[in-house]
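The values are calculated or read from the model by the stated rules, or taken from the named source; none is laboratory data. Being a predicted model, the structure only gives us computed values, none of them experimental. A quick note on method: Cβ atoms are made from the backbone with ideal geometry, for glycine too, and the neighbour counts reach across all protein chains shown. Each accessible area value is taken on the protein alone, full model and side chains, heavy atoms only, with ligands, DNA and RNA left out. Shrake-Rupley method; radii C 1.70, N 1.55, O 1.52, S 1.80 Å.
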Amino acid sequence: GGRARRAGWTNRYEPKAKVYHAGSGTSGSRYNEFKVRLSSRNNIWLIYKNMPLFQLILNLPFLAVGFAAKYVFFLKKGLGGIYARGIREGLHTCEREKKVPFTWSQLSVCMKIQLELWKNIGKRFG
């Protein structure tokens, strides 16, 4: 989404499109150690890789609340430690991986995306 838009691509809605998903065919049950760890790791890494630093700072409070809520959710399912392990792995992955470079020509697109993020947060919790 955001990375493609920063590169000049646009998103389109196609109401007739169909997507077929096998569910948890590859990794087993809906919540298992492998899936929870990989998901939390990838959430951290993708945010780091694709979100410019100023946007990351703007969203940090919302991200922190979201990750805390997910931690509590998985804690209740007995997977809190696994979720936290994935977060740590994601942070270590960030140390090794490069961010997608930000250019000032992308600032207006980033701000538009940011306003959409805040608008969606307002819709969800407002």
(request) In debye, nearest 20, what is the charge dipole magnitude of the chain about its Cα centre with +1 on Lys and Arg Cβ and -1 on Asp and Glu Cβ, if you could check? (result) 260 debye
(request) Please identify the longest segment of the chain free of exposed trypsin sites (Lys or Arg not before Pro), where exposed means a DSSP state other than H, G, I, E or B and no more than 10 other Cβ atoms within 10 Å. (result) 31-97
(request) Round to the nearest 10 and give me the degree value, 0 to 90, for the angle of helix 107-125's Cα axis relative to the longest principal axis of the chain. (result) 50 degrees
(request) Just the number, please: carbon plus sulfur as a percent of the accessible area of the chain, 1.4 Å probe, no ligands or DNA/RNA counted. (result) 62 percent
(message) Taking the alpha-carbon distance from residue 98 and a cut-off under 27 Å, which lysines remain once sequence neighbours fewer than 8 residues away in the same chain are dropped?
(response) 35, 49, 70, 112
(message) I'd like the orientation of helix 53-76 relative to the chain: the angle between its Cα long axis and the longest Cα principal axis, in ° from 0 to 90, rounded to 10.
(response) 20 degrees
(request) Give me the distance in nm between label points sitting 7 Å out from Cα along the Cα-to-Cβ direction at residue 88 and residue 5, one decimal. (result) 3.5 nm
(request) Determine the shape class of the range 51-126: with a ≥ b ≥ c the square roots of the Cα gyration tensor eigenvalues, call it rounded for a/c under 1.5, and otherwise prolate if a/b is greater than b/c, oblate otherwise. (result) oblate
(message) What is the angle, in °, between the Cα long axis of helix 33-50 and the longest principal axis of the Cα atoms in the chain? Nearest 10 is fine, range 0 to 90.
(response) 20 degrees
(request) With a 1.4 Å probe and every protein chain left in place, work out the accessible area per residue of the chain in Å², rounded to a whole number. (result) 75 Å²
